[in-house]
Amino acid sequence: MRSLLQVVGVESPVGHMLPEILPQLTQSQVVFRQAQLHLIAAQPGGGKTLLALWYAIQSKVPSLYFSADSDSRTIATRAGAILMEKEVAQVEKMMDSDASVLLEDALADGAGHVRFNFDPSPSLEDIEEEIEAWIELHGAAPQAIFVDNLMNVASTSDNEWTALRDAMSAFHYMAREYESAFIVLHHVSENEKMSKPNYPAPRKALMGKVAALPELVLSVALDGQANVYRVAVVKNRHGKADPTAEIFISLSAEASHMSLYNSPVELQRARTMRQWQ
């Protein structure tokens with residue numbers, strides 16, 4: 001039992017902000033914080049992993065990434081695309097050629113701060129054991145822990161919705177216990193598709209009604225044809241939110257390169273730079 005005076009001035013990572021995602025999101029008070037639980041939700045193919053993996057790589061934050069939804073080869077090529085500023089398809093060809101050494105160098109230099117677990121159905125106990133193994137190796141818990149995605153977490157419950165809520169409750173506890181930012185990916189119900197599927201879904205569309213515990217819930221949607229990535233803040237204990245998702249932030253995206261940009265100008269600049277390299 002402590003008073004609030006005992007909290008002030010104490011050196012602790014609790015609530016500390018991780019590095020900025022993108023300026024537009026920062027202006028809307030969208031930040032990931034240590035010891036807190038966050039949720040990124042979208043329809044299948046809506047860009048959940050795009051945001052999570054891009055941030056895990058670019059933030060340089062010591063991170064543990066549970067990739068239950070995607071296999072190791074898929075993640076390696078996507079990470080290589082982010083780091084080498086190449087198309088995922090190009091990176092995959094490199095992986096099967098003598099140029100694989102270039103990919104190895106890029107991953108070693110740019111993704112060494114992230115460790116991955118590719119169990120397709122990890123249990124809560126498996127996840128906690130991996131965190132404890134990280135602590136044993138590094139002396140402290142990872143600053144960020146990604147779970148991609150919630151539906152893949154194994155449970156002993158026969159009720160799917162109960163299992164989802166139990167997992168979120170466990171992650172909420174682990175975030176506080178390990179003082180790590182938990183960033184969980186999740187689906188929205190396809191029965192609640194909006195008339196415009198390239199736009200974020202409202203908070204009520206979250207499968208399993210799991211919005212109670214996260215401090216931040218983002219509903220995202222990738223419009224690959226228009227190179228637009230829309231982010232709706234449907235819950236935010238540290239800022240404004242719109243549970244209907246009618247208010248959203250429009251970023252620029254290039255899904256083929258697994259990359260996000262703050263604006264179309266930044267995207268065009270990146271494309272121009274690639275042409276001259």
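Here are a few things to note about the model shown:
- Gyration tensor verdict on the chain (Cα atoms; rounded if a/c is under 1.5, prolate if a/b is larger than b/c, oblate otherwise): rounded
- Helix-derived mean residue ellipticity, 222 nm - over the chain, DSSP H n ≥ 4, -39500 (n - 2.57), to 500: -10500 deg cm²/dmol
- Rounded to the nearest 20 debye, dipole of the chain from Cβ charges on Lys, Arg, Asp, Glu: 1300 debye
- Estimated from the Cβ-Cβ distance and a Förster radius of 41 angstrom, the FRET efficiency linking Asn262 and Ala89 is about 0.95.
- Taking label positions 7 Å along the Cα-Cβ direction at both Asp109 and Lys209, the computed distance is 5.2 nm, reported to one decimal.
- Note on the chain: dipole from Cβ charges, positive end direction compared against Ala221, Thr74, Ile183; the farthest Cα belongs to Ala221.
- Per residue, the accessible area of the chain comes to 50 Å², computed with a 1.4 Å probe over protein heavy atoms only.
- Note on Asp119 and Lys60: their simple-model spin labels are 3.2 nm apart, each label 7 Å out from Cα toward Cβ.
- Non-local lysine pairs in the chain, meaning eight or more places apart or on different chains, with alpha-carbon distances under 29 Å, amount to 25.
- Candidates per trypsin sites (Lys or Arg not before Pro) in region 212-263, loop by DSSP, up to 10 other Cβ within 10 Å: Lys240
- Length released on extending from Arg237 to Tyr173, taking residue separation times 0.36 nm less the Cα-Cα span: 21.3 nm
- Here the chain exposes an accessible surface that is 50 percent carbon and sulfur, computed with a 1.4 Å probe and the other protein chains kept in place.
The values are calculated or read from the model by the stated rules, or taken from the named source; none is laboratory data. Note that the structure is a prediction, hence the values are computed from the model and not measured. No Cβ is skipped: glycine too gets one built from the backbone with ideal geometry, and neighbour counts run over all protein chains shown. Protein only, heavy atoms only, side chains kept; ligands, DNA and RNA dropped before computing areas. Shrake-Rupley method; radii C 1.70, N 1.55, O 1.52, S 1.80 Å.
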